[in-house]
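In what follows, a single structure is set out as structure tokens and then discussed.
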Amino acid sequence: MGQAFILPPWAAIWLPYLLVASVVFLAYWDLITQLTGPCSDDIQGIFVYTGVLQRPISVGNLIKKLRYEWGKAPNPNRNWKVDQQPPYLPHPIRHHRINVILGAGVAVFLYHFLSQIFTPQVAFLATLLFMVHPLGTQTLGWCSGVNYVLGTFFALLGLNFAQLSYSLGWLATPEGALLCMLGYGFLQWLAVETIFMTLGTVAILVWLGWYPYAIVAGLLAVYIGIHAFREAIVLRRNTFKDQNMDSCTRLKARKLIVVLKTLAYYTRFVCFVKRAGLYHEKFYHYETPYVESEDSWMWWGVITVVIFGVAYWFGPPLVQFALVWYIAYIILFLNFITANQFFTERYAWLPALAPCLLLAAYAPVWVYWMIFGIALMRTWAHLDTYRSETQFYLSNLSNFPNSEIALGNLGVTYLSRGLVGTAVESWLMGTRMNPEYDVNWYNLAQALKSRGPMNPNYVPLIIEVIPRELITQAFSDPLRSHIHLARYCLHRAVTARTCHFKAMWEKELAEMDTILKQPSPATLPSGAVAVVALETSQVIPSPSVVPT
């Protein structure tokens, strides 16, 4: 019989680290080798940045500058000087590579951290499954998710530093303890500067009994919470108030119902990722009183809390750790204050480690590898989402076919490519799906207004959303037919259940009424705009909206 192959000791030690890092490249290889384009927030957040170090100088601005330097490529336009363009431009593939390389670092640090608490086998299997979890696509696969990856990278580096200091006895002397606190504080500060995750790390440190580090992280949480986090919340609240959506940012007793619903949704979501996309349909518009009323989602939330409590009380340390990890990193996104999207994958990425740990520890081998294969294939299937702006919203519609928000943004994308007719069709479909969503009505108004006098051939397109008698009236005034139709759409936007920019749009409506009262034909001033829902709905200039 042949002699069994035995790895050398050094290879046996380093092989798991190599494998967990390699699986990240396996999962996201297509994004770092094939041509892709910026998607959604990438354009505003990354691809308009010119590399100028912003003031005041901060860790966040320095990281932004470094990310630009690593992610830039020569301007393909040879006449960039004549056209007054920069010599270098952000390159999508290079930015994807930044995310994936950081993701490989997360895998290495996560495996090392878990292997010091549990068995290396459980740590290895949990890390493998976590790195191919479909929820990771919105952080590792989307250029704009880089801050979530970077924050996790620094947080795990800090946890490994804390574990190393205990194992090597660095805290035995006052000088060593002080240096360790300063070193850990710096790493945790970097994690906080990239994405606010201190509170979750505090809970993990307390559970592990690493109280000195928990105090440092807690003090950072208080300091950053008073400044950066509060500033972000105030900014979000003011934005929502300007858009007539401030009711969802108020703390009140019935918010507990919203929290329970959110917990139930995310718990199901991290275990069964059937649909994924930036805009989930459930509770997106924060429809009151429905979203704050008792229903099956609330009771599932209650059942979830009871199960978690019983499992923590009677479960072994691994189950307890998984539950602490899950709650610690999901609690900020349970919609105590809904100042962002109600549900989204990147909020649930870190909490998704919890079911991965449980499967790694307790699932039969064949069940684990079957789930691993399904998760990897689900991740591969979703990567096309991040290839282009158009594909980004088409994928959202494929997963959430009734998302009028995705249809609205898809229309803006078509508009930016000069496909005005296709954009109008997207907005028409959106208004049919949800007549109370104002943004699509507003975009329709701007598109109709910019096209000039309407061609009767367009009647079949608009007759489903605009009353027949109004169309007849519009064509009885042919030179201003587009203004009549645009005025109806703008009126529907202003009177929608949630009007984002009521005061501004009412002013535009009054201007249209003034023009229509004049006896002679007139046209509206140029400068049409379109609305795109990013983190919140915003008005953005669209110079490509021109009469055709």
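The values are calculated or read from the model by the stated rules, or taken from the named source; none is laboratory data. Bear in mind the structure is a predicted one, so any value in this text is a computation, not a measurement. Every residue, glycine as well, gets a Cβ built from its backbone with ideal geometry; the counts of neighbours run over all protein chains shown.
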> So is K282 more than 30 Å from G373 (Cα to Cα), assigned to a loop (DSSP other than H, G, I, E, B), assigned by TED's automatic domain parsing to the domain that holds L135 and modelled with pLDDT under 95 or not?
Replying inline: no
>> Out of Q116, Q138, I need the residue that is surrounded by fewer than 24 Cβ atoms within 10 Å (Cβ to Cβ), in contact with a Ser or Thr (Cβ under 8 Å, 6 or more places away or on another chain) and in contact (Cβ under 8 Å) with a residue 60 or more places away in the chain. Which one?
In response: Q138
> Got a number for residues in the range 157-183 being at positive phi and of a type in the set (F, W, Y)?
Replying inline: 0
> Does V108 fit the bill of being within 30 Å of T390 (Cα to Cα), modelled with pLDDT of 80 or more and not in a loop (DSSP other than H, G, I, E, B)?
Replying inline: no
>> From the list V24, V59, exactly one residue is of a type in the set (V, I, T), modelled with pLDDT of 75 or more and in the same structural domain as Q138 (by TED's automatic domain parsing). Which is it?
In response: V24
> Would you pick out the residues in the range 372-387 that are in contact (Cβ under 8 Å) with a residue 60 or more places away in the chain and part of a helix (DSSP H, G or I)?
Replying inline: F372, A375, L376, R378, T379, W380, H382, L383, T385, Y386
> Restricting the search to the range 141-175, which residues are free of Cβ contacts under 8 Å to residues at least 12 places away in the same chain and closer than 21 Å to A203 by Cα?
Replying inline: L164
>> For the range 134-146, check the following and say yes or no: at least one residue is farther than 20 Å from L66 by Cβ and hydrophobic (A, V, I, L, M, F, W, C).
In response: yes
> Listed residues T431, T344; which is buried (at least 23 other Cβ atoms within 10 Å of the Cβ) and not basic (K, R)?
Replying inline: T431
> Which of the residues that make up the range 124-155 are in a helix (DSSP H, G or I), among the aliphatic types (A, V, I, L, M) and closer than 19 Å to L26 by Cβ?
Replying inline: L125, A126, L128, L129, M131, L135, L140, V149
> Across the range 162-209, which residue is farthest from P351 (Cα to Cα) among those that are in contact with a Ser or Thr (Cβ under 9 Å, 6 or more places away or on another chain) and assigned to a loop (DSSP other than H, G, I, E, B)?
Replying inline: I195
> So which of F372, F400 ends up being within 24 Å of A264 (Cβ to Cβ) and surrounded by fewer than 23 Cβ atoms within 10 Å (Cβ to Cβ)?
Replying inline: F400
>> Residue pairs, Cβ under 6 Å, 6 or more apart or interchain, first in the range 265-282 and free of Cβ contacts under 8 Å to residues at least 60 places away in the same chain, second surrounded by fewer than 20 Cβ atoms within 10 Å (Cβ to Cβ) and in a loop (DSSP other than H, G, I, E, B). List them.
In response: none
>> Just to be sure before I move on: is G45 within 24 Å of the chain's Cα centre (by Cα), modelled with pLDDT under 75 and under 19 Å from W142 (Cα atoms) in the structure I sent?
In response: yes
>> Of the conditions (1) modelled with pLDDT of 75 or more; (2) farther than 15 Å from T344 by Cβ; (3) crowded, with 19+ Cβ neighbours inside 10 Å, T304 satisfies every one except a single condition; which number is it?
In response: (3)
> Does the range 78-113 hold any residues that are polar (S, T, N, Q) and surrounded by fewer than 21 Cβ atoms within 10 Å (Cβ to Cβ), and which are they?
Replying inline: N79, Q84, Q85
>> List the helices (runs of 4 or more DSSP H) inside the range 390-497, counting only whole elements, that have at least 2 residues being in contact (Cβ under 8 Å) with a residue 24 or more places away in the chain and in contact with a strand residue (DSSP E or B) (Cβ under 9 Å, 6 or more places away or on another chain).
In response: 404-416, 420-433, 438-451
